[in-house]
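The values are calculated or read from the model by the stated rules, or taken from the named source; none is laboratory data. Remember, it's a predicted structure, so these values are computed and weren't measured experimentally. Here the Cβ positions follow ideal geometry from the backbone for every residue, glycine too, while neighbour counts run over all protein chains shown. The accessibility values were calculated without ligands, DNA or RNA, using every heavy atom of the protein model including side chains. Shrake-Rupley method; radii C 1.70, N 1.55, O 1.52, S 1.80 Å.
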Amino acid sequence: MVEELTTVQTVKNKLIYKEGFMSKIYKIENNKLLSTKTFIIYSDIHYYKNMNLNYLYKELSKLTTDSPNYILLLGDLIDDPNISSKELTPLRDYLLKLSKITKIITILGNHDILTNYKNISNENSKYLNMLRNIPNLHLLENTSYQDNQIYFYGTKYQGTYYKHKEPLPIWLSTVKNITFPDDTLNIILEHSPNNIFNPHNFTSIPSLKKTDIVLSGHNHFGCIPSYLDPIIPGNIGLIGAGNNLFPKYSRGKIQITPNTTGIICPPITTFSNEKGIFKLANIFYPPQNIKLKILRKK
């Protein structure tokens, strides 16, 4: 069972955001856990030089009160991988504070490895080492992390995968190597939902049949304003990553198989710094995250 709630109040068909930060709340029942686990999920922060992080620091105090078991970051922490170590300092300081709340599980997205999305660049080793050296943060690069009853697997792709519009053969060759234990809650973190949320693609890989939950971001909620989300059914968006129109998997949840639930996380930053003047439109797109509770099935 999946229950969707929201921290947005509705008054006479108007949406009121609490402190400018919106959360979508999901509850999922699963019989693999002995007790409730809470996850706070961020995607697509798109940090850039001199980015103001005050709104994230305000949310930090809420996270301390919420006491989540895990914080999950679904990729695109930065906007451009060519950012320097000095320019990364504010992001590092924020992540250090975040890691003192609870364990962080993170993966890389296309902006973590591509310059302005279109041009392939070498990985920024200083950026990756910064992530790897933050205590209590686990960067998954086609690797796994197991903690008690939960098994996380995070995928990673080369720049060519995103530049060439996520070709299916590359995706298949990556996920076919995923293996899961039998008795854990199995979660895949994959930045883009475009292949893994397709039920036909998903069921073509036998190794994925033990997956309980898939978490993705990337498509920025299809650039649908939050106030329109309740009245537009389904998971389709208006514009997705790479400027593709009407992406099929952009927002909300989808039952990928009877045993596998997928959730597509909205972005912290809808229009990134690379969009130039269009980033001013973020005033109409408040930052969003997801609060996910996994409950023991009765």
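Of 66, 182, the order by accessible heavy-atom surface (1.4 Å probe, DNA, RNA and ligands excluded), from most exposed downward, is 182, 66.
Over the chain, Cα pairs under 8 Å with separation of 6+ residues give a relative contact order of 23 percent. With the Cα gyration tensor of the stretch 148-213 giving a ≥ b ≥ c as the square roots of its eigenvalues, does the rule (a/c under 1.5 for rounded; else a/b larger than b/c for prolate; else oblate) give rounded, prolate or oblate? Taking the square roots of the gyration eigenvalues as a ≥ b ≥ c, the stretch 148-213 is prolate.
Averaged over its residues, the stretch 44-175 has an accessible area of 43 Å² per residue, based on protein heavy atoms and a 1.4 Å probe.
In the stretch 96-189, the alpha-carbon atoms span a convex hull of 104 Å³ per residue. Counting protein heavy atoms only, the stretch 198-276 has 62 percent of its accessible area on carbon and sulfur, 1.4 angstrom probe. Karplus-based coupling profile of the stretch 71-80, in residue order and whole Hz: 10, 10, 10, 9, x, 6, 5, 10, 8, 8, with θ = phi - 60° in 6.51 cos²θ - 1.76 cosθ + 1.60 and x standing for Gly or Pro. So what's the gap between the Cα centers of the stretch 230-298 and the stretch 152-185, to the nearest angstrom? So the two Cα centres are separated by 20 Å. For the stretch 13-116, the ratio of Cα radius of gyration to the globular rule of thumb 2.2 N^0.38 Å stands at 1.21.
Checking (1) -0.54; (2) -0.36; (3) -0.31 against log10 I(q)/I(0) by the Debye sum over Cα atoms at q = 0.08 Å⁻¹ calculated from these atoms, the matching label is (3). Counting Lys and Arg as +1 and Asp and Glu as -1 over every other residue whose Cβ lies under 11 Å from the Cβ of residue 60, the net charge comes to +2. Near residue 135, once Lys and Arg are set to +1 and Asp and Glu to -1 for all other residues with Cβ below 14 Å from its Cβ, the sum equals +4. When only Cα pairs below 8 angstrom with a gap of at least 6 residues are kept, the stretch 208-292 shows a relative contact order of 29 percent.
For the stretch 95-190, with all protein chains in place and a probe radius of 1.4 Å, 47% of the accessible heavy-atom surface sits on carbon or sulfur. Note on residue 176 and residue 103: the extension gain reaches 23.6 nm, defined as 0.36 nm multiplied by sequence separation minus the Cα-Cα distance.
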